[in-house]
Structures are given as C-alpha cells and as structure tokens.
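See structure below.
The values are calculated or read from the model by the stated rules, or taken from the named source; none is laboratory data. Owing to the predicted nature of the structure, the values given are computational and were not obtained by experimental measurement. Using ideal geometry, Cβ is built from the backbone for each residue, glycine included, and neighbour counts are taken over all protein chains shown.
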Amino acid sequence: MTSRRAVIRTMGAALGAATLPFATVRRALAAEPVKVGFVYISPISDAGWTYQHDLGRKEMEKALAGKVQTKIVENVPEGPDAERVFRELAKDGHKLVFGTSFGYMNYMVKVAQQFPNNDFEHCTGYKTGKNLGIYNGRFYEGRYLCGIAAGRMTKSNVIGFVAAFPIPEVVMAINSFIRGARSVNPKAEMRVIWANTWYDPGKERAAAGTLVAQGADVLTHHTDSTAVAQAAEEKKVWVCAYHSNMAKYAPTRQLTASEEIWGGYYTKTVGRAIDGSWKPDHVWGGIRDGMIDIAPLNDAVPADAKAQIMKAREEIASGKLHPFAGPVVDQDGKARVAAGQTITDDALSKMDYYVEGVAGKLPKA
Amino acid sequence: MPLRFEARAEASARMRYGSPLVAVLLTVAGGLVLFILLGRNPLHGFRVFFYDPVKDLYGVSELLLKATPLMLIATGLAVGFRANVWNIGAEGQFLMGAVAATGVALMFHDSTSMLVLPAMLVAGAIGGAAWAAIPAFLKTRCNTSEILVSLMLVYVAQFVVSWVVFGPWKDPQGFNFPQTVMFADSALLPVLIPGTRLTVAFLIAIAALVAGHFFMTRSYAGFQMQVTGQAEAAANYAGFSGPRTVWIGLVAGGALAGVAGMSEVAGPMGQLTDHASSGYGFAAIIVAFVGRLSALGIFFASLLMALLYMGGEQAQQHLNLPPAIGQVFQGMLLFFLLGADVFVNYRLRRSRAAP
C-alpha cells in the first residue's frame, strides 16, 4: 500500500503530531472479541458505496471469526449528529471505529482527540491524528479499464457520464475514464451531466436519458444508485457501473463495473487492532492492493478487447501503466503533465480540470 | 351502522392541552406493540429509547443541543401560525441565516474581537428574515400562497449553500471538498458546560421562548395578529392591518430560523458545509403543533422531538433496529396528535337514516 500525500502530513502534523509513531500497545484479552464499529452514510441496500463497505465488513468478520464483534450504524448524516454517533461507539468500547464518508472528518477528528484509547479510521478524508488513520481507493484505476471497454464498444463515439459533485474524486473518474477510452479509440468523447446529488434515482435516471438523447451509447456514473444501470438496460445502451457489480440491474447491458473491495483492508486493519500493532496510516490503495477491481466483462466484448483490458489491468497493478502518465493535456490544450512524467498523488487529489476529450466546462467558482 | 363526525359546539379547553399527552401515551402504546412485534423486550426497548440517551450529564447536554434549533424555529413559526400565516420554509431561512453568519465569520476570520459573534447573530437573523420577507412581499403584493413560495425557497436556499461552499467560500486547503474553513475561536459560540457541545445558543432559545410568550399572549400586536388569524373580516373592521400580520408572522419565523442556522454553524458544526441542512426547519413545524403554538408547549415538544432523534440512534446501536425507527416514533406522535385533535373538535355520532 502506498503512503499518501506529503501535503496531508503537514496538515496532520498541525493537528497534533500525526506522524509520530504511536507506541501505546493495547492488547485485548484473548478470550474477549474486539468490538469494531462501522458508521455508514446511507442504508446498506443491495448495491453502491455503503453496500461495498458492508461486504468488506462481512468478509473481515468471517476471516476473524470469534476474534471480532462488529456494530453498524447506517444512514448517519454528515452533520453534528455524526459526532454523537462516533462518541457513543467509542464510549461503548469499540476499539476501532470506521467512518466511511468524507463529511464525518471534522467530527471524527474531535472524537478521536476525546477518546485517545480508541482508534479511528476515516475513508476519503485528509485529516489524521495519533489515533486517526485515513484510507481510500484509487478509484480512477478501475475507471481507466472501464474506459477501455467503453472506447472499444461505442459506435457513436459519445460516452455519457452522470456525475455527482465537482470534487477531485469525481473529476479524476471522468478524466481517467476518457483517457482509457481514447487510449483505444481517439475519437471517443465524453459528455457529463452533473446531477448535484450522491443519491437520487429520479435525477440520475433523467440525466441518463438526456445523455442517450445526446447520442451517448455507453453510460457510466459516479452516483450511488442503480438508476443509470437500469436506464441503460431499458434504452439498450452499454453501461459501466460504479461501486458495485450491477449485473443484476443491467443483465445484458453492463460491460463491466469498477468496484471497491474493502474486505482485505478491513481484515488487515482490524487484525492489527487485535494484536495491538495498529498505527494511523494514510492508505490510498488500488488494483495492486486488491482494493479496486473490475467486474467480469460482458460476453459482447470481443476477445481482443478483453485481452487489451486485462493487459492494462496487469500493467496498472505492476506499476508499468499509470492512467495519468504524461502527456496529460487538459481540454484547453494546456499540458498538465509533461510527456515522460507521471502525475503526483498530490496533483491528482486536487484535480480541477477536464482532460481533452471531455465536452463542456467543469463547474467552477 | 354508519358513523359520522359532528362538530362540537365548543372544544374543551382542557382537552386541547390534554391531547398532546394523549398522543404521547398512544405513541408509547404504539411503541410497545412495535417492540413486541420486532421481538424485542419492550421495557428494555423503552429504556434504550427514552432513558439511555439522557442518563448522564453529557446526554442531557446533547438533548438540549439538539432541541435548541427546534425551540428557536418553532417559536418563530408559532407567531405566524397563530395568525394563519403558514411559513413552511423555515428550513430555507435556517440555511440563509447560516450562510449570512458564515459570511461574517469568514470576513472577520483574523479578528479576535468580541463583536464577531454578536455580528454573526444579527447577520443570521437578518439572513433568515430576508429570506422570509420574499414570501411576505409576494403574499401582500400579489396574494401568492406563502406556503408554496416559502417551501420552494428552501430548495433555492440549498442551492445557495451549495454554491458558496463549492465556490467562493471553499476552503482553499480543503482539496476542493465542499466546505468552508473551520471558524476562528472568536466566531464560535461559548460552551455552557465544559466538555460538552451545548452552547449559549440554548440560553438564546430560552430568551426567545420567553419573548415569544409575551408577544403572543400579552402584547397588543400579538392580539391583533391572533384576531386577524381567527377572523379576518372582524380584524379589518377593527382596523387591524392584514399585511402587517403577514409581515410580522413571516419575518419573526425567518429571523429565529436564521438565528438557529447561525447557532449550528457557530456551534456544533464550526464551519459551513453542503450538509448544513438537517431538517430542523421541517421538524420544528411538528414541534410547534405538538406544543400547541404556546411557548411552554414548544419547550417540552422540542425536548421530546430531540429525544426521539437520539432514541432512534440509540435503538440502532444497541437494539440493532433499523434507522427508520426514530422516524416511526416521530410519525406516530404526529399522527396520534392530529387524530386526538379531531376528537377535541368533533364527536363521533351514529348517523340516523340516510338523508
């Protein structure tokens, strides 16, 4: 796993000696299972961001059977109420508490300071502390592979993207996807509709319909519901699903899906909490770490395209291929990363421009 | 045999105040059935739901923290509701108060002056009042429905919040996430009990309740508004101004909702994010009605409502019940209250032969 972002370190240091090694060892009694809490932004449901985290939790629970006892609190909004939920879990003896949405960040920082004997792990945030670690997935790696599939399968050369909010994670996804597509089909173009919501099946569906009307014959999304996959199935266009394998919702039209796989990470991290070796870390894991992968490819994808995708997958895993290896040129023709260089993690995590091939303007201040 | 409702000649004053208690008892009974159906020990269920959240000082402070915005907003709404001015958009006014207060906090981010907080408070009140003034203006000028206009402005306010946190007020060190910087200490409300999150906003809410009580029951303007609400023709005949009632009703609600918004960003949030909207503006409508539009009633109703929120969280954590459980209790409470009110105003009669 990769240690993350130099910038964050300085911020973490400002928050209180973040990078100091944390020496206290808190060994649990062998007989007593360790209590681990999970705080989810939405209900678990049967696909999407929270569903993937819960799959990971279950896998961890199975792997560490008998040694761990987990507790879920779902549908916790990213407001002041979250602080009470984290506090309650800590007070109730949960040695390690995972928070899986960005908006918990400042509340987790506060609770972590108040409960120095509990440990906390925050997904997608950037603030750390002596008992607060952060972890995230390199979602863009899966996006790049989906992009190759889309680039090979599109006839209209128009790919539609239903996006949530213009934060770097989503912009990265858009850019990585179109770079993947154009690596095999230089005529491919991306159209983006901002739904301005993480979860609103009605809006996501309407956006999907608009993109199809604009000529898109492959859709993808960075929103949380299965609406785009379902719309693609109905409208007979391809879809690359996100977060979860949505083959159930688009049985004939899903090309593949970019998935987050948290089980391995949760097993390892909770294992460390059990044996007392847990330390706050900044983890940004990708295909190589088993944290990101793609769902099985649709049978309609030709064999040579499949081979292309699987080769790219191997190369990303081995580090030979980076979705943002230079030259990276933005949509105005300005070089953002020179040829022969690779984008830094810091630049990636602040990405606020579209690369070439994306139509329209990125919403800006 | 068909039954019908017959209006009572006069509703019993005692039962008017008794019906919230009846509703609470029925909610408890409903909860009992619910816990049994879910296979949980009802006594344990009630303990987790209604007692555990407030079993220590910290819990009580959290209850008061959660009840504070509800008290503020419901008091302002009651002023209007008593005069049949239906401000449904307190959520939007709450957000605009939060935005205005944040504007002041960011403008004076480097200041350590004692005046930053009062300025934020005033800005919050003005922000909320200005947002409520739009439906007031349209109602008095064009006779538009204040229900629709105030409600739709909630969505506009949410977009305003999104715009400022994604745009001009975004924390430059925040990796483009939609949030402002954390406020400076001079822009954070002082904490009442050390080690808790309860701020002086609670005292402001109590002051608002007292002021609201005197305005609604003891002042001439309050009396005029009540008359206007109950009998507009009579009010006009007496020379009471209809438009003035609309203006006072909406602006009072907006100003207090704005103060509530300020108390959130300057209190437990400490910044403005795109998740500032937490539904207090809508929940306060229930609070105002459960509290019979009276100050004392609102005080207790907001505590009860806050307890239902916290009980829902506890039930999820300790009883493994779904998160909707808190909302089920809130829904039961409102349903039984409205149902009980029907019987306060009507009686059930057997119909004689069909006409």
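Observations, loosely collected:
- Only one of the listed residues (B:Ala133, B:Ala101, B:Ala123, B:Ala67) is buried (at least 24 other Cβ atoms within 10 Å of the Cβ), aliphatic (A, V, I, L, M) and over 23 Å from A:Val85 (Cα atoms). That residue is B:Ala101.
- Checking each residue in region A:98-144 for being touching a residue at least 60 places away in the same chain (Cβ under 8 Å) and of a type in the set (Gly, Ala, Ser) picks out A:Gly99, A:Ser101, A:Gly103, A:Gly129, A:Gly133, A:Gly137, A:Gly142.
- The helices (runs of 4 or more DSSP H) located wholly in region B:42-141 that include 1 or more residues which are of a type in the set (Ser, Thr, Tyr) occupy B:57-81, B:90-107.
- Test result for A:Asp345, away from chain B (no Cβ under 14 Å), of a type in the set (Asp, Glu) and either surrounded by 15 or more Cβ atoms within 10 Å (Cβ to Cβ) or touching an Asp or Glu at 6+ places or on another chain (Cβ under 6 Å) (or both): no
- Test result for A:Trp284, assigned to a strand (DSSP E or B), under 27 Å from A:Asn117 (Cα atoms) and touching a strand residue (DSSP E or B) at 6+ places or on another chain (Cβ under 7 Å): yes
- Among the residues of region A:91-115, the ones that are away from chain B (no Cβ under 12 Å), within 20 Å of A:Thr50 (Cα to Cα) and hydrophobic (A, V, I, L, M, F, W, C) come to 3 in all.
- Verdict on B:Phe177 being within 14 Å of another protein chain (Cβ to nearest Cβ), outside any helix (DSSP H, G or I) and within 23 Å of B:Leu106 (Cα to Cα): yes
- Scan of region B:189-221 for residues that are touching a strand residue (DSSP E or B) at 6+ places or on another chain (Cβ under 8 Å), surrounded by 13 or more Cβ atoms within 10 Å (Cβ to Cβ) and either part of a helix (DSSP H, G or I) or not β-branched (Val, Ile, Thr) (or both), ordered by number: B:Leu189, B:Leu192, B:Arg197, B:Leu198
- Every listed requirement among (1) in contact (Cβ under 8 Å) with a residue 60 or more places away in the chain; (2) within 17 Å of the chain's Cα centre (by Cα); (3) within 14 Å of chain A (Cβ to nearest Cβ) is met by B:Leu250 save one, (3).
- Checked against the criterion of being surrounded by fewer than 20 Cβ atoms within 10 Å (Cβ to Cβ), of a type outside the set (Gly, Ala, Ser) and at pLDDT below 95, region A:169-176 has no qualifying residue.
- Those residues of region A:38-67 which are acidic (Asp, Glu) and touching a helix residue (DSSP H, G or I) at 6+ places or on another chain (Cβ under 7 Å), in sequence order: A:Glu59
- Subset tally (residues that are at the interface with chain B (Cβ under 9 Å from one of its Cβ atoms), surrounded by fewer than 22 Cβ atoms within 10 Å (Cβ to Cβ) and among the basic types (Lys, Arg)) for region A:40-90: 2
- Filter result for the condition that a residue is crowded, with 20+ Cβ neighbours inside 10 Å and at the interface with another protein chain (Cβ under 10 Å from one of its Cβ atoms), over B:Phe183, B:Phe159, B:Phe166: B:Phe166
Yes/no matrix, rows are residues, columns are (1) surrounded by fewer than 20 Cβ atoms within 10 Å (Cβ to Cβ); (2) assigned to a loop (DSSP other than H, G, I, E, B); (3) free of Cβ contacts under 8 Å to residues at least 12 places away in the same chain:
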residue	(1), (2), (3)
A:Thr269	no, no, no
A:Lys279	yes, yes, no
A:Arg288	yes, yes, no
A:Ala317	yes, no, no
